[in-house]
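Have a look at the structure below before the remarks.
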Amino acid sequence: MSVILAIESSCDETSVAICNNGKITANVIANQTIHENYGGVIPELASRVHQQNIVPVIHQALTDAKIDKKDLSAIAFTRGPGLLGSLLVGVSFAKSFALALDLPLVSVNHMHAHILAHFIDDPKPEFPFLCLTVSGGHTQIVLVKDYFDMEIVGETLDDAAGEAFDKTAKILNLPYPGGPLIDKYAKEGNANAFKFADPQIKDLNYSFSGLKTSILYFIRAQEKSNPNFIDENLADICASVQHSIVHILLNKLKVAARQYGVKQIAIAGGVSANSGLRSTLQEMAEELNWNVYIPAFQYCTDNAGMIAIAGYHKYLKGDFVGQDVAPLSRMEF
């Protein structure tokens, strides 16, 4: 029997999950709405809200899983990468909790956890598989050979895909977080209405800075002749932007699958919740005979369920850390 309590606090979600013998029995997420007033995450505010949320969220997770803290086998936590102040809250609480209960500590890499979220529910991918990890801070193609044997074969050289969505939303005067709103409006628009820059980057790497600049200059030029251009064409703009980003992401993934001879394909991270990415990937899978794996929505965005499943597999290996462990804003993959 192994019951893992996992804590995720890398950015602006305070989340706690319980993993009972490899099954997630609770996954509580407290979102922070305070950042909506500023158009982005304010690190100091995020840290303070984590401090307010962490005890109630842990209590709720234990209640949902119908267990007591004395039933726990280990405490898992996100060590990095992420906002240092936010990570510090989760790491400090995990260390204190483990010390008080005399339990082992399990350190988890946030990016590994996004990939291992595919092992929460069935069907599960077989090794080796390729995982396209797309979020606000990361865009990577990862060759996954085993639970903790992973190799980045392609990544963004500048901005991540999630940043491209969020910064485009800001250009369009959409409230934060803007990525889900672009997805919402895109469903009503024409994906071929407008064309934007298609970055030509070597190998399996990405770049989204040129695309963002292309969108910005396009909007500025159109507004000079028609100040109401955004309001009148919002759905078509969102659909065209989403189509461009998805096209860039999946073209490289297609090349990677061919290069490595892999037909087990997964996507992970917050942007994997995007409906355009999901539907286009499914279409590509039918065409290329891929087996595609996408986590349930609650395990796509930052959550402790993915930390718990990663912690569970580390627990089985006896891979523990000591009380001297510290959070890392940047962490080697």
- Message: Checking the condition more than 22 Å from the chain's Cα centre (by Cα), open to solvent by less than 70 Å² (accessible area, probe 1.4 Å) and at pLDDT 95 or above, which residue from 98, 94, 61 passes?
- Response: 98
- Note on the structure: If we ask which residues in segment 126-150 are surrounded by fewer than 22 Cβ atoms within 10 Å (Cβ to Cβ) and under 15 Å from residue 261 (Cα atoms), their number turns out to be 5
- Message: For residue 184, only one of the following conditions fails: (1) at pLDDT 95 or above; (2) under 30 Å from residue 305 (Cβ atoms); (3) open to solvent by less than 40 Å² (accessible area, probe 1.4 Å). What is its number?
- Response: (3)
- Pick from 73, 107, 86: which is within 26 Å of residue 316 (Cβ to Cβ), hydroxyl-bearing (Ser, Thr, Tyr), open to solvent by less than 30 Å² (accessible area, probe 1.4 Å) and within 19 Å of the chain's Cα centre (by Cα)? 107
- Note on the structure: Only one of (1) in contact with a Gly (Cβ under 7 Å, 6 or more places away or on another chain); (2) at pLDDT 95 or above; (3) closer than 30 Å to residue 153 by Cα does not apply to residue 215, and that is (1)
- Selection over segment 1-25 where residues are surrounded by fewer than 24 Cβ atoms within 10 Å (Cβ to Cβ) and under 12 Å from residue 64 (Cβ atoms) yields a count of 2
- Name the residue, out of 254, 263, that is in contact with a strand residue (DSSP E or B) (Cβ under 9 Å, 6 or more places away or on another chain) and open to solvent by 30 Å² or more (accessible area, probe 1.4 Å). 263
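Yes or no, residue by residue, for (1) free of Cβ contacts under 8 Å to residues at least 60 places away in the same chain; (2) over 23 Å from the mean Cα position of the chain (by Cα); (3) open to solvent by less than 40 Å² (accessible area, probe 1.4 Å):
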| residue | (1), (2), (3) |
| --- | --- |
| 207 | yes, no, yes |
| 211 | yes, no, yes |
| 216 | yes, yes, no |
| 235 | yes, yes, yes |
| 239 | yes, no, yes |
| 244 | yes, no, yes |
- Query: Would you call residue 272 polar (S, T, N, Q), in contact with a Lys or Arg (Cβ under 8 Å, 6 or more places away or on another chain), closer than 23 Å to residue 10 by Cα and not in a loop (DSSP other than H, G, I, E, B)?
  - Reply: yes
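The values are calculated or read from the model by the stated rules, or taken from the named source; none is laboratory data. Because the structure is predicted, anything quoted here is derived from the model rather than measured. Please note: Cβ atoms are built from the backbone with ideal geometry, for glycine as well, and neighbour counts cover all protein chains shown. Areas reflect the complete protein model, heavy atoms only, side chains present, ligands, DNA and RNA absent. Shrake-Rupley method; radii C 1.70, N 1.55, O 1.52, S 1.80 Å.
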